[in-house]
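Colleague: This is the structure, below, for whatever I ask next.
The values are calculated or read from the model by the stated rules, or taken from the named source; none is laboratory data. Keep in mind it's a predicted model, so treat the numbers as computed, not measured. So basically every Cβ, Gly included, is an ideal-geometry build from the backbone, and we count neighbours across all protein chains shown.
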Amino acid sequence: MHRLIAGYRRFRSTSWPQQRRSFESLADEGQRPKALVVACVDSRVDPAMIFDAAPGEMLTIRNVANLVPPYAPDVAYHGTSAALEFGVRVLGIAHIVVLGHSLCGGVRALLDGAPEGARDFVAPWMSMAESARAAASGCRSEEARQLCAEREVIKISLANLMSFPWIAQPVVAGSIALHGAWFCIRTGELLVLQRDGSFAPLEV
């Protein structure tokens, strides 16, 4: 906690004076982000840092393994779906990015079973990506299985996004675009999903 408090003090002394007007504008005028990013909770993968986004530029949803569940409006709790609804139907966001990453612990739990202390929620949550585990089963090495499953999870989330009628219809009409990307923690490289299902490095 001491490190967090020290970080806040640095923010107030250095960043806040430089960004005060931007925050005041956001407070007065509200937010108008153009993109929504579905990312993993992994502390090593910060979407705002990766995309160098300022406050107000990007709406971010973070959960285990950047998964989007299928459309299922019922009385259960749907945090990811609720955030999508707010971003798309209220804020009118035009770009949705599913951002996966290397060394994903959620994907590891999918492949090898959830750790003993993470079976109440992590295991059932990751079960929606069972097809990713099946797709990776033919890989020869553990590293290849992990990589394959990480990228398949991105595709699963994109497919599930299309199960939401108020996302699918605008996508077909061309007013919303869906994107898939995978970030390598070790190299800092971002790979983007291509139409043929492959991932290619984003030119810098």
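Colleague: Among residues belonging to segment 79-101 that are of a type in the set (Gly, Ala, Ser) and buried (at least 20 other Cβ atoms within 10 Å of the Cβ), point out the one that is nearest to residue 44 (Cα to Cα).
Modeller: Checking each candidate, the answer is 100.
Colleague: Consider residue 123 against the criteria (1) aliphatic (A, V, I, L, M); (2) surrounded by 21 or more Cβ atoms within 10 Å (Cβ to Cβ); (3) over 22 Å from residue 47 (Cα atoms): it satisfies all of them except one. Which criterion is unmet?
Modeller: Single failed check for residue 123: (2).
Colleague: Would you tally the residues in segment 16-43 being surrounded by 11 or more Cβ atoms within 10 Å (Cβ to Cβ) and under 13 Å from the mean Cα position of the chain (by Cα)?
Modeller: 8
Colleague: Going residue by residue through segment 18-31, is there one that turns out to be touching an Asp or Glu at 6+ places or on another chain (Cβ under 8 Å) and either under 23 Å from residue 154 (Cα atoms) or at pLDDT 95 or above (or both)?
Modeller: The answer is no; no qualifying residue exists.
Colleague: Of all the helices (runs of 4 or more DSSP H) wholly in segment 81-149, which have at least 2 residues that are out of contact with any Asp or Glu (no Cβ under 8 Å at 6 or more places or on another chain) and touching a residue at least 24 places away in the same chain (Cβ under 8 Å)?
Modeller: The helices (runs of 4 or more DSSP H) meeting that bar are 105-112, 122-126.
Colleague: May I pose another question? State whether the residues of segment 74-85 include one that is of a type in the set (D, E, K, R) and at pLDDT 95 or above.
Modeller: The answer is yes, given that some residue of segment 74-85 is of a type in the set (D, E, K, R) and at pLDDT 95 or above.
Colleague: Something else now. Take residue 64 and tell me if it is surrounded by fewer than 18 Cβ atoms within 10 Å (Cβ to Cβ), in the same structural domain as residue 187 (by TED's automatic domain parsing), more than 24 Å from residue 202 (Cβ to Cβ) and β-branched (Val, Ile, Thr).
Modeller: It is false that residue 64 is surrounded by fewer than 18 Cβ atoms within 10 Å (Cβ to Cβ), in the same structural domain as residue 187 (by TED's automatic domain parsing), more than 24 Å from residue 202 (Cβ to Cβ) and β-branched (Val, Ile, Thr).
Colleague: Here is a list of conditions, (1) in contact with a helix residue (DSSP H, G or I) (Cβ under 9 Å, 6 or more places away or on another chain); (2) within 18 Å of residue 66 (Cα to Cα), and residue 137 meets all of them except one; can you say which number that is?
Modeller: It fails just one condition, (2).
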